[in-house]
Amino acid sequence: MCGIVGAIADRDVVPVLIEGLKRLEYRGYDSAGIAVVDAGRVRRVRRTGRVSEMEAAAGAEGFSAQLGVGHTRWATHGGVTELNAHPHVSHGVALVHNGIIENHEQQRARLEALGYVFESQTDTEVIAHLIDLHMKDAGDLLQALQRAVAELEGAYALAVVSHAEPRRIVCARMGCPLLIGLGEGENFVASDVSAIIQATRRVIFLEEGDTAEVTRAGVRIFDQRGARAEREEHLSDVSLASLELGPYRHFMQKEIHEQPRAIGDTIEAVMDEGAFGAALFGAGAEQVLEEVESVQILACGTSYYAGSVARYWIEAIAGLPCSVEIASEYRYRAAVANPKQLVVTISQSGETLDTMEALKYAKALGQERTLSICNVPESAIPRASRLVYYTRAGAEIGVASTKAFTTQLVALFTLAATLAKLRGRLTAAQESEYLDALRHLPGSVQHALNLEPQIVAWADRFAPKHNALFLGRGVHYPIALEGALKLKEISYIHAEAYPAGELKHGPLALVDADMPVVVIAPNDSLLEKVKSNMQEVRARGGELFVFTDQDSNFGESEGVHVIRTPRHVGVLSPIVHTIPVQLLAYHTALARGTDVDKPRNLAKSVTVE
Ligand code: HGA
C-alpha cells in the first residue's frame, strides 16, 4: 500500500510522476502529492482524494522540474488530511514513504527536544526531520539517509530529494517493495513497474536493507552494511495494454471477464507437460515435495479462502493433513513446527506483509519446505520461498481480487494432484480425468460468465438491502465466504457466510423476509443436505437466491430464485461457482453507485501490518 514514484531526467518529470501515480493509485487513494526540486528549491503540492485532484492543482501552479518524487497514500498513522499527505518536507529535504515506522514516538520526542516542529500526525515526518538532522553532520544526502534509516524500526520504502542536491534521488528499502527503472539518460524509482512502464522496462529490484543513489547517469546501490552492491537487471514483461481499461467500465469487470484467458495461461505449463509433476513448481521441487508429511497454508483475505478450498483438495486427493491459517494470526502464535511440513504461502502481489512475515516465522521455526503461489514475478514472497508456482492472471488492478483468486485455485489444484502423484495416490485414469477437467475449465468459466444478464436482475434486488447471508457446504463453503467478502468489499452491504449445516446453531435467528440468502448449491454429494438447509430458511420466510448446476434436480418456487451454472464440472466446481458470486457483487455495487475499483478504506497490496 502507498505508491511511490520518483524521476530524474533532462525533461519535465511532472507528467511522468503524475502518470506513475495514476497507475499506483490501486495501492492507496486517500491523498496524493508530489515534490520537485526546481531552481534550488523544493516545491510541493498535495491534495486529499484522487491523483487527478492533485494533478489539477499542480497544473494550476505551473509545476515543472527535472527532479521529483510523488506519492499516493493509504493512511496508517494520522487521518486523511492534506497535512498528513506525502511528500513530507524538513528544511528542503522532501520524502515519500511506504511503510510504518514503529519507533516514531521516541524519534518524535527526541526531534521535538532538538527544536523540530511537526506539522503532521504521521510516522513518516520523523524520517524527514531525521535526515535533515543527519545532513548537518554528514553533509551528504545519501549518508544522511543511511544514518537516519539505521535509527528506524519498522518497514519502509523511501525516496528522498533535497534542494541542496538537485542532481540525485536517494532511496532505501526495508520490508516494502522498491525498484529502480533504468532509462536513456533518465532514471526512476517506483513501488512497482507499472508506474514507470511508459518510460522503461529495465528494472532493478532493491533488496532488504539496500540504499541507493539514482542520478541521470546511473545508479549506485549499497547493502545494509553500506558496502557497494550489484543487483541484477531485469526486463519487465508487463504490457501497457494489460494496465489499460480498454472497452470496460471498471477494472474489476475487465478482470472478471479475463478469467477464461487467465486460467488458460495459468494451466499452460501443465497442459504442455501433459502431466502433473514436481517440475511445475521449480528446480529441486521433487526433493522438497516428496517426503512432505503435511501442508500448512498461510494467507490473508481472498487468498486465505483459496487456501481453504485447497484444504479439501489436498486432504481428499493427496491424502495429506492440511491446515489453513490467516497469516497475521500464525505469525504471532507459538506454532508447532514440522520440518517435513510444506508451508504454502498465497499472495497475489507477493508483497503482502503479514504473509511475508508468516513465511519468515515458519522458516525461523525450521520449516524449510516453502512454496509460494503468487501472481507477480520477482516479488518478495516468491524470492523468499524455495519453490514457486506463478499464476498468470496478468496485472490485477481492481482492489477486489477476482482473476487472481480463480488462478490461485488452479495452481492449488495442480499442487494437490502433484502431491497425490508423488505419493502414489493418483492413478493414470484419475490423472487424465483431472487434466481433462483443467483443459475444459476456461470453457466452463466462460459459460458461467454468460449468466451475467440473469445476475444483473438479482443485483437490483440486492442493492437496497443492508445485510446478506451466504451459505455453502464442503468445498463450496469457502466460495460462500469469498462471495460474502466480495459483496461487502465493494457494495458495503454487510454479508456473512456460513457452512449451511451451521445455520441452525445460531445464524438462522437473523433470517427474515429482509435477509437475502445466497446459496451455493452445486449438484454434488452434499446437494440433498443443502436442500434441507434451504427448507429451514424458507420455513422462516427467508428469500433464497440459489446458484446451482444445470443438471441438479430442483427448480424455482415461491421465494426460491435459481440461476443455473453449466452442468456440474466435478472436482473443479468451486472455480466455476466463483464466477456468479463475483458478478453478483459487481452488479450490486454498480446499482448502489459505489467506487467499484477503489472501495472506501481499502487498497490493493497490503504492505503494512
Ligand atoms: N505510515 C505512512 C505510510 C502509509 C503506508 O505505507 N500505507 O500503506 C502514513 O500513514 O502516511
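Quick notes
- Built amide H within the under 5 Å cut-off of V562, gap 5+: V546
- Here, the chain is characterised by an Rg to Rh ratio of 1.00, where Rg is the alpha-carbon radius of gyration and Rh the Kirkwood radius.
- Cα→Cβ-extended label distance, 7 Å offset, between D551 and V80, nm: 4.9
- Flagged links, alpha-carbon separation over 26 Å, of K254/K531; K254/K598; K340/K529; K465/K486; K504/K604: K254/K531; K340/K529; K504/K604
- Under the combined filter of DSSP loop state and at most 15 neighbouring Cβ atoms within 10 Å, the range 125-223 retains none of its chymotrypsin sites (Phe, Trp or Tyr not before Pro).
- Centre separation in Å (Cα based) which lies between the range 453-484 and the range 549-581: 13
- Relative to the longest principal axis of the Cα atoms of the chain, the long axis of helix 51-60 makes an angle of roughly 30 degrees.
- At 0.890 mPa s and 25 °C, Stokes D of the range 9-166 from Kirkwood alpha-carbon radius, µm² per second: 158
- Per residue, the Cα convex hull of the range 304-452 amounts to 119 Å³.
- Vicinal HN-Hα couplings computed from phi for the range 292-297 (Karplus, 6.51 cos²θ - 1.76 cosθ + 1.60; Hz; Gly/Pro x): 4, 9, 7, 10, 10, 9
- Total charge dipole magnitude, the chain, about the Cα centre, Cβ charges on Lys, Arg, Asp, Glu only, Debye to nearest 20: 280
- Inter-site label distance for D272 and A241 at 7 Å from Cα along Cβ, in nm: 2.0
- Each residue of the range 193-201 is assigned a 3J(HN,Hα), and the resulting list reads 5, 4, 5, 10, 4, 5, 10, 7, 10 Hz, derived from the Karplus form 6.51 cos²θ - 1.76 cosθ + 1.60 (θ = phi - 60°), x at Gly and Pro.
- FRET efficiency, Q121 to D512 (Cβ-Cβ, R0 45 Å, nearest 0.05): 0.55
- Backbone amide hydrogens, once placed in the peptide plane, bring S31 within less than 5 Å of G49, R73, excluding anything fewer than 5 places away on its chain.
- Helical contribution to [θ] at 222 nm, DSSP H n ≥ 4, -39,500 (n - 2.57), averaged over the chain, rounded to 500: -11000 deg cm²/dmol
- Taking the charge dipole of the range 426-579 about its Cα centre, with +1 at Lys and Arg Cβ atoms and -1 at Asp and Glu Cβ atoms, the residue from G570, A513, G474 reaching farthest to the positive side is A513.
- Whole-number D in µm² s⁻¹ for the range 120-199, Kirkwood Cα-pair radius fed into Stokes-Einstein, 20 °C, 1.002 mPa s: 157
- Potential lengthening between E207 and R11 on full extension [0.36 nm per residue; Cα-Cα distance subtracted]: 67.7 nm
- Paired Rg and Dmax values of the range 2-79, which use every Cα atom, in angstrom: 11.6, 36
- If both residues of a DSSP beta bridge must be in the range 493-609, then about 10% of such bridges are antiparallel.
- Once the mean of 1/r is taken over each pair of separate Cα atoms and inverted, the range 498-609 shows a Kirkwood hydrodynamic radius of 15.8 Å.
- R0 of 25 Å, Cβ-Cβ distance A334-E291: FRET efficiency to nearest 0.05: 0.50
- In Hz, Karplus ³J(HN,Hα) per residue of the range 462-475 (6.51, -1.76, 1.60; θ = phi - 60°; x = Gly, Pro): 7, 3, x, 6, 9, 9, 8, 10, 10, 10, x, 9, x, 5
- Kirkwood radius, the range 97-159, all distinct C-alpha pairs, inverse of mean reciprocal distance: 11.6 Å.
- Of the trypsin sites (Lys or Arg not before Pro) in the range 115-171, not one is in a loop by DSSP (not H, G, I, E or B) with at most 15 other beta carbons within 10 Å.
- Segment E153..E233, full-extension length gain: 25.9 nm, with 0.36 nm per residue of separation and the alpha-carbon distance subtracted.
- Size of the range 332-371: Rg and Dmax of its alpha carbons, in Å, are 10.0, 28.
- Label-to-label distance, nm, for residues given as E368 and R225 (7 Å Cα→Cβ offset): 2.3
- The length gained by stretching the chain between R110 and R439 to full extension, at 0.36 nm per residue less their Cα-Cα distance, is 112.2 nm.
- With a cut-off of 11 Å between beta carbons, the residues surrounding S573 carry a summed charge of -1, where Lys and Arg count +1 and Asp and Glu -1.
- Beta bridge orientation in the chain: antiparallel %, DSSP, nearest 5: 60
- Residues whose amide H falls under 5 Å from that of N187, counting only those 5 or more places apart or on a different chain, are I8, with hydrogens built in the peptide plane.
Taken together, the values in this text are just the output of simple stated rules run on the coordinates, not laboratory data. Treat the numbers as computed from the prediction; the structure is a model and nothing was measured. Note that we place each Cβ from the backbone using ideal geometry, even for glycine, and neighbour counts take in every protein chain shown.
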